[in-house]
Amino acid sequence: LVSIEAAPEEALPFEKLTLPKESVKEAVRDERRAFTPAGVVTLLRAAEAKGDTQLADLIRLGMWTGARIEELCALKLDKVGDGFFEVEDAKTPAGWRQVPVHSKLAPTLARLIEASRKAKDEYVLAGLTFNKYGDRSNAIGKRFGRLKDEAGFGPQHVFHSIRHTVASMFKGLGVEEALAADILGHEHDKITYGVYASEQARLETLKPVVEMLDYPGA
């Protein structure tokens, strides 16, 4: 470029090159934190106090399963079995899974199913609408965002933080990582940990692990 006089001789285009700084938004996202178990209960009670039963039910579903918000909002009635529900269309192949239902979640799930059937809605969380991207969690996710802000939680805490809470609880309880991964839908080395003889055997193995989850006052 200098030889054809397209750039001045003093041009130093490769001097002091640096990588772009991480945006504040990305930094906050990467620092997302788990709620404490007590913090999750605080949010649940706050939703109940506001009379937002639907949001309270979403929090219950999240705290006893560790499932992602869209997995819960997209959960259809025909994917709920006897003591478990199936997650499909998850973000990764490992996300396609059967999740045991905690005994403390069972009454809520039964109530939601009954209400949804009466409303002739095919989803467990009835009445949610799709956004233009085909997600049902957008509006209720924003309500959760306002709720946690009002409760004094910052940008590092989002609904996904409840998933981190469940993972942290499993870790603190000494749950084998592969078992926690099967519940949460994380990848793990199937060769190392083996495979189940059947889905029923898998659920029987995971059910006691889910039952270990406990929240103060919930």
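Quote the accessible area belonging to Thr36 in square angstrom, nearest 10, computed with a 1.4 Å probe and with ligands, DNA and RNA left uncounted.
About 90 Å², rounded to the nearest 10.
Assuming R0 = 35 Å, what is the FRET efficiency of His188 and Lys120, from their Cβ-Cβ distance, to the nearest 0.05? Kindly include the intermediate steps, with their values, before the conclusion.
On the way: r = 40 Å, r/R0 = 1.13.
Computed FRET efficiency for His188 and Lys120 comes out at 0.35.
Counting only residues 5 or more places away or on other chains, whose amide H sits under 5 Å from the amide H of Phe84 once H atoms are built in the peptide plane?
Under 5 Å from the amide H of Phe84 lie the amide H atoms of Val101, each far enough along the sequence or on another chain.
As a quick test, which of the pairs Lys50/Lys79; Lys120/Lys171; Lys132/Lys171; Lys118/Lys171 have an alpha carbon distance above 32 angstrom in this structure? Please report the intermediate quantities before stating the final value.
Numbers: Lys50/Lys79 30 Å; Lys120/Lys171 40 Å; Lys132/Lys171 37 Å; Lys118/Lys171 40 Å.
Exceeds cut-off: Lys120/Lys171; Lys132/Lys171; Lys118/Lys171.
What is the set of long-range amide H partners of Tyr123 at a cut-off below 5 Å, with H atoms built 1.01 Å from backbone N?
Placed amide hydrogens put Leu77 under 5 Å from Tyr123.
Given a cut-off of under 8 Å on Cα pairs at least six residues apart, what relative contact order in percent is computed for segment 106-156?
Values: 24 pairs, mean separation 9.2, N = 51.
Relative CO of segment 106-156 lands at 18 percent.
For Arg97, what residues show an amide H to amide H distance below 5 Å, using hydrogens built from the backbone and excluding near sequence neighbours?
Answer set, sorted by chain and number: Val87.
If each residue of separation counts as 0.36 nm, what is the full-extension length gain between Asp135 and Asp149 once their alpha-carbon separation is subtracted?
On the way: separation 14, 0.36 × 14 = 5.04 nm, distance 2.27 nm.
Separation in residues times 0.36 nm, less the Cα-Cα distance, equals 2.8 nm.
The values are calculated or read from the model by the stated rules, or taken from the named source; none is laboratory data. The model shown is predicted, which means the values in this text are computed figures rather than measured ones. A quick note on method: Cβ atoms are made from the backbone with ideal geometry, for glycine too, and the neighbour counts reach across all protein chains shown. All accessible areas refer to the heavy atoms of the entire protein, side chains included, with ligands and DNA or RNA removed. Shrake-Rupley method; radii C 1.70, N 1.55, O 1.52, S 1.80 Å.
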